[in-house]
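**Student:** Pasting a structure here, questions to come.
Read-outs: derived from the displayed coordinates by stated rules, not from any lab. Model, not experiment: these values are computed from the prediction. In this analysis, Cβ positions are derived from the backbone assuming ideal geometry, glycine residues included, and neighbour counts consider all displayed protein chains.
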Amino acid sequence: MSTPDVVIVGGGIGGLSTALALSRIGLKVRVLEQAKEFGEVGAGIQLAPNCTRILDDYGLLEEAKARGVVPDSMVMRDAIDGSDLTSLDLRDLERKYGFPYLVIHRSDLHGLFLEACRDAGVELRTEQRVTAYAQDAGRATATTEAGTVHEAAVVLAADGLHSVARKLFVDDQPVSSAYVAYRGTVPVVQAGRPVDLSEVVVYVGPRCHFVHYGLRGGGLLNQVAVFESPKALAGLEDWGTPDELDTAFAGTCDAVQQGLPHMWRDKWWRMYDRDPITTWVDGRIALLGDAAHPPLQYMAQGAIMAIEDGWVLAEHIKRLRRGDGAVDWAGALAAYEAVRPEHCRRVVLTARAWGELWHLDGVEREQRNILLRAREAGDYAFTDWIYGPAALFPEDEPAMFEPIPLQSADRLAQRLRRANAEDEDQG
Ligand SMILES: Cc1cc2nc3c(=O)[nH]c(=O)nc-3n(C[C@H](O)[C@H](O)[C@H](O)COP(=O)(O)OP(=O)(O)OC[C@H]3O[C@@H](n4cnc5c(N)ncnc54)[C@H](O)[C@@H]3O)c2cc1C
C-alpha cells in the first residue's frame, strides 16, 4: 500500500468514525488496531442528537435506527422508592434539535462504522500494537511493538483510556472514581417482568444507579448497574466484586431488584476518567477520543465526543484544503485544538458533578428530588449546551447552564407547602 495521509492508532468507535470522516473527504487512511479483530465489548450505548446529526451527515442514521431503538422518553426515577423524578420527551427533543435520541448495541454501532470504513477503502490492520511515536518536519510515524513503522502526514492517536500517545503530552494517570459498572443484556421475553421499551430509564440512588433500555428493535433489554465500591474506598486491590453489587443495591425498589439477576457477574468495569488537558496536538501527532478526554459515563457523551472529534477535524481539513488538494495540516490541527478541548473539558467535569448528584443520600437526596420534580417538562436549559451541533470554532461553543444550588430546594418546598395550604383553605 502507498503511504497514507493519516494513520489512526486504535480501531474503537473514535478511531473508526474518524477514519470514515477523513476517507469521505478523499484522504487515504490506515487504522492500526492492537487486537486480533476489530470489535467492541460491552452492551448498549446512548446517542444524543449531537451524535445522530453526524450519523445523518455520514449517511448512516437510517441503518443505525434500524439496528437500535428510538425511544419516546427518558425517565429518571428514585432507586429507593421508585417514584418519578423528571423526564425528557424524546420526540419533542428530536423536534427541538432536529435529530433523534437513539440507543444501540455498541457492537452494532462499531460494526456500522467498520462496514462503512471498508466500503470507503480505509486500510484496516489488526495486531498492530503501537508503542512509539516520532515525527520530523514533514511526516509522523507510529511504530508497533513488532517494529513495523507506519508513516503518514499525520498520526491520530485514538488508543483509549490507557493511551500510550497521551504520555507525549502529559504525565498523568487515570483517576479512579471508586465506582464500578455491571452490564447485562437479556432477550426481552426472558426479562421476567414487563418492561416498557419506549422509555430509557435511570433509577438514581445513594451511591448507586441502575439504567435500562431496549436494543435491536426492542428484542433485547440492556441494563447497567453502577455503584460505589467500599473495597475501592478502603484501598483494596480486589474491588467491585459481585458481593459488593448485591450489598450496594440491597435497599432499592422492586423494579431495580428484578433487573439485578440479569446482570453479567463474571465481568465488570471499574470507572475511571482523567483530569482534562488542553493540549492535544504536538506537530503532526494528535490525540482523539478517550485518549484525549475519557469521561465518567454519566452524561453518556464519551463515544459521542470521540465521534464529534473526527467530524470537527474533517470539517477543518475540508475548509483548509488548497486548490491542488494539499492540506494545511498545521492549520487544521490548530483549529481542532482551538475548539475541542474546551468542549470536552466541560463534559468531563459536568459528568463528575452529574454522578455526584445521582448518588446523593439523606437530606441532599431529598433536596435533589424536590428540584428534579419541579423541572418543567419543556425546559431544555440543561441540554442546550450539549445536544446542538458540535461547534467548529470557539465562539460557536454554547454557554453552559446555570447550576441550581441544592439548598434552593428548601425555599421551593416551603413555597409548595404554602401553596398547598392556601389551596386547602380555599377548598
Ligand atoms: C458503562 C459505560 C457506559 C457508557 N455509555 C456511553 C453512552 O451511553 N454514550 C457514549 O457516548 N459513551 C458512553 N460510554 C463511553 C464510551 O464507551 C467511550 O468514551 C468510547 O467508547 C471511547 O471510544 P475510543 O474509540 O476513544 O476508545 P476505545 O473504545 O477505548 O478504543 C480504543 C481502541 O484502541 C485500541 N488500542 C489501545 N491501545 C492501542 C495501541 N497501543 N495500539 C493499537 N491499538 C490500541 C484498543 O484495542 C481499542 O480498540 C460509556 C462507557 C462506559 C464504561
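**Student:** So, in Å, what gap is there between the alpha-carbon centers of region 112-142 and region 274-298?
**Tutor:** With region 112-142 and region 274-298 each reduced to a Cα centre, they are spaced 18 Å.
**Student:** How many nm separate the modelled label positions at Ala353 and Asp410, each set 7 Å beyond the Cα in the direction of the Cβ?
**Tutor:** If labels sit at Ala353 and Asp410, their model points lie 2.1 nm apart.
**Student:** Using a ≥ b ≥ c from the Cα gyration tensor of region 119-193 (square roots of the eigenvalues), is it rounded, prolate or oblate, where a/c under 1.5 gives rounded and otherwise the larger of a/b and b/c decides, a/b for prolate?
**Tutor:** Here region 119-193 falls in the oblate category.
**Student:** Within 10 Å of each candidate Cβ there may be at most 10 other Cβ atoms; applying that plus a DSSP loop requirement, which GluC sites (Glu not before Pro) in region 294-401 survive?
**Tutor:** Here the GluC sites (Glu not before Pro) that fit, given the DSSP loop and packing criteria, are Glu376.
**Student:** Please find the FRET efficiency linking Ser83 to Ala137, where r is the Cβ-Cβ separation and R0 is fixed at 60 Å, and quote it to the nearest 0.05.
**Tutor:** It comes to 0.45.
**Student:** A follow-up question, please. Taking region 1-73, which trypsin sites (Lys or Arg not before Pro) meet the DSSP loop condition and have no more than 10 other C-beta atoms within 10 Å?
**Tutor:** Lys36
**Student:** As a check on your grasp of the helix formula, calculate [θ] at 222 nm for the chain: sum -39500 (n - 2.57) over DSSP H runs of n ≥ 4, divide by the residue count, round to the nearest 500.
**Tutor:** -11000 deg cm²/dmol
**Student:** Post the alpha-carbon centroid distance, region 338-357 to region 386-423, in whole angstrom.
**Tutor:** 17 Å
**Student:** Tell me which GluC sites (Glu not before Pro) from region 32-132 have a DSSP coil assignment and no more than 14 other beta carbons within 10 Å of their own.
**Tutor:** Hits after loop and neighbour filter: Glu37, Glu127.
**Student:** Hey, another quick one. Magnitude of the Cβ-charge dipole of the chain, K/R +1 and D/E -1, about the Cα centre, nearest 20 debye?
**Tutor:** I would put it at about 780 debye.
**Student:** Residues in region 34-56 near a label at Val149, defined as backbone nitrogen under 20 Å from the 7 Å Cα→Cβ point?
**Tutor:** From region 34-56, the list is empty.
**Student:** Mind checking the dipole of region 362-426: about its Cα centre, +1 per Lys or Arg Cβ, -1 per Asp or Glu Cβ, Debye to the nearest 20?
**Tutor:** 340 debye
**Student:** What is the spin-label model distance, in nm, from Arg265 to Asp361 if the labels are put 7 Å beyond Cα along the C-beta direction?
**Tutor:** The modelled label-to-label distance comes out at 2.4 nm.
**Student:** Continuing with the same structure: Just going by the charge dipole of the chain, with Lys and Arg at +1 and Asp and Glu at -1 on Cβ, which of Ile80, Pro100, Gly205 is farthest out on the positive end?
**Tutor:** Going by the Cα projections, it comes out as Pro100.
**Student:** Identify, among Gly388, Phe401, Ile370, the residue whose Cα sits farthest towards the positive end of the charge dipole of region 362-426, taking +1 on the Cβ of Lys and Arg and -1 on the Cβ of Asp and Glu, with the dipole about the Cα centre.
**Tutor:** Going by the charge dipole, the pick is Ile370.
**Student:** Counting only pairs 8 or more places apart or on different chains, how many lysine pairs in the chain have C-alpha atoms closer than 22 Å?
**Tutor:** So the count works out to 4.
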